[in-house]
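Taking it in order: structure first as structure tokens, then the write-up.
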Amino acid sequence: MKNILLIATGGTIASKNNGEGLAPAISSAELLSYIPEIKELCNVDTIQVLNIDSTNIQPEYWLLMVDAIKENYDKYDGFVISHGTDTMAYTSAALSYLVQNVDKPIIITGSQKPIAEAATDAKKNLIDSFRFAVEDGVKGIFVVFDGKAIIGTRAKKTRSKSYSAFESINFPYAAYIDNSKITRFTKSEDVKDKIKFYDEIYPSIFLLKLVPGMEPDVLDYIGEKYEGIVIESYGVGGIPFNDRRNFLNKLGNLTSNGKIVVIATQVALEGSDMGVYEVGMKALKNYSVLQAYDMTIEAAVTKLMWILSQSKNFNEVKEKFYTKINDDILID
Ligand code: ASP
């Protein structure tokens, strides 16, 4: 039997109503007590690194999860992390950058309903996660939710209430998991290099969503406070340069001050392609900016957090940003 470590961090799955709304209350050992049948599948140990609503997740807390995996990496065949759904996609992307060359399964899961409630998706999601974690050949970081396994850099919470809360963005599901079988659609690549754990993160990244009417001087403020900025622009990506509100000069100030700017899109599917329109080309040709292409916003933001902890040099950042990690980007 394989040995799996459950790393609990809180979320709805572990929540109870304390009279002021749902809040995490259940320990990791109690979580396991709701799925006694798991003993027939694998040996499970458990540790609790946090017990918080994932709205309260901080980038520094990802390093606690990294530590828990690092300390136990050789002792276990795989890991299941229970986590709130609200920022789960940020955590799954962040862990994809902070733990690389992963040759074992690291599965992140949670639920839309608490495990203690009669009608809950928690037990299925937990059991599915353990089943995927003991499946031979599964390597890397995944979200398992509502019968689907999603590559950690491709997950996005797209529904706030239904059990089917997560989608795989611009990439196939890694697997369907049902009661009788696991059907895999992606193959975990052979891992050539040794597992690498990173112990630093640069939390100060700003995500700006453009709306018509926004004043360009917002970029002055952001530039004073942040080293990295992801701009959620429109469509395939562009920066407004209409006389009334022209963002290009402000963008130029940011980049000439050494700030790292990534232009992404607020459209959830298919990603950016800034060479198509003049609004994109003007920014791309005249300023040192990056674009997110098919990456999720969660991946773009956390990849910058990981990269900027190592370098703030544009060319170094560019090279790392466009290097594929855990299938986060399709360009070569
Ligand atoms: N607010 C909860 C959390 O993210 C929601 C959930 O887990 O589904 O912790």
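Annotations for the structure displayed:
- Scanning region 199-249 for residues that are within 15 Å of Met274 (Cα to Cα) and out of contact with any strand residue (DSSP E or B) (no Cβ under 6 Å at 6 or more places or on another chain) turns up Tyr234, Gly235, Val236, Gly238, Ile239, Pro240, Phe241, Leu248.
- For region 174-226, residues that are charged (D, E, K, R) and on the phi > 0 side of the Ramachandran plot total 0.
- Extreme residue, nearest to the ligand (Cβ to nearest atom), among residues of region 14-35 that are within 14 Å of Ile127 (Cα to Cα) and without any contact (Cβ under 8 Å) to a residue 40 or more places away in the chain: Leu32
- Considering the conditions (1) of a type outside the set (Asp, Glu); (2) more than 20 Å from the chain's Cα centre (by Cα); (3) loosely packed, with under 14 Cβ neighbours inside 10 Å, Ala268 is excluded by exactly one of them, (2).
- Lone qualifier among Ala68, Ala89 - being in contact with a Lys or Arg (Cβ under 9 Å, 6 or more places away or on another chain), touching a residue at least 40 places away in the same chain (Cβ under 8 Å) and closer than 21 Å to Gly152 by Cβ: Ala89
- Evaluation of Ala119 against (1) more than 17 Å from Ile151 (Cβ to Cβ); (2) in contact with a Phe, Trp or Tyr (Cβ under 9 Å, 6 or more places away or on another chain); (3) surrounded by fewer than 24 Cβ atoms within 10 Å (Cβ to Cβ) (one fails), failing number: (2)
- Criterion (modelled with pLDDT of 95 or more and more than 28 Å from Arg159 (Cβ to Cβ)) met by exactly one of Tyr61, Tyr34, Tyr73: Tyr73
- All positions within region 52-90 that are buried (at least 17 other Cβ atoms within 10 Å of the Cβ) and near the ligand (Cβ under 10 Å from one of its atoms): Ile52, Asp53, Ser54, Ile57, Ser82, His83, Gly84, Thr85, Asp86, Thr87, Met88
- Within region 1-13, considering residues that are in contact with a helix residue (DSSP H, G or I) (Cβ under 6 Å, 6 or more places away or on another chain) and under 16 Å from Ile52 (Cβ atoms), the one nearest to the ligand (Cβ to nearest atom): Gly11
- Filtered residue count, region 270-297, keeping only those that are in a loop (DSSP other than H, G, I, E, B), in contact (Cβ under 8 Å) with a residue 24 or more places away in the chain and among the small types (Gly, Ala, Ser): 4
- Checked against (1) modelled with pLDDT of 95 or more; (2) surrounded by 11 or more Cβ atoms within 10 Å (Cβ to Cβ); (3) small (Gly, Ala, Ser), Ser204 meets all criteria but (1).
- Going through (1) among the hydroxyl-bearing types (Ser, Thr, Tyr); (2) away from the ligand (no atom under 16 Å from the Cβ); (3) exposed (fewer than 14 other Cβ atoms within 10 Å of the Cβ) one by one, Ser160 falls short only on (2).
- Unmet criterion (only one of (1) over 21 Å from Ser27 (Cα atoms); (2) without any contact (Cβ under 8 Å) to a residue 40 or more places away in the chain; (3) not hydroxyl-bearing (Ser, Thr, Tyr)) for Ala119: (1)
- Top-ranked residue of region 163-195 - restricted to ones that are aliphatic (A, V, I, L, M) and either in contact with a Pro (Cβ under 6 Å, 6 or more places away or on another chain) or away from the ligand (no atom under 16 Å from the Cβ) (or both), ranked as nearest to Ser129 (Cα to Cα): Ile177
- Each residue in region 203-220 was checked for being in a helix (DSSP H, G or I) and over 24 Å from Ala299 (Cα atoms), and 1 of them qualify.
- A count restricted to region 223-249 and to residues that are buried (at least 18 other Cβ atoms within 10 Å of the Cβ) and in a helix (DSSP H, G or I) stands at 1.
- Residue among Ile127, Ile106 that is closer than 27 Å to Glu40 by Cα, in contact (Cβ under 8 Å) with a residue 60 or more places away in the chain and away from the ligand (no atom under 15 Å from the Cβ): Ile127
The values are calculated or read from the model by the stated rules, or taken from the named source; none is laboratory data. The structure displayed is predicted, hence computed values, not measured ones. When we count neighbours, we look across all protein chains shown, and the Cβ atoms used for this are built from the backbone with ideal geometry, even at glycine.
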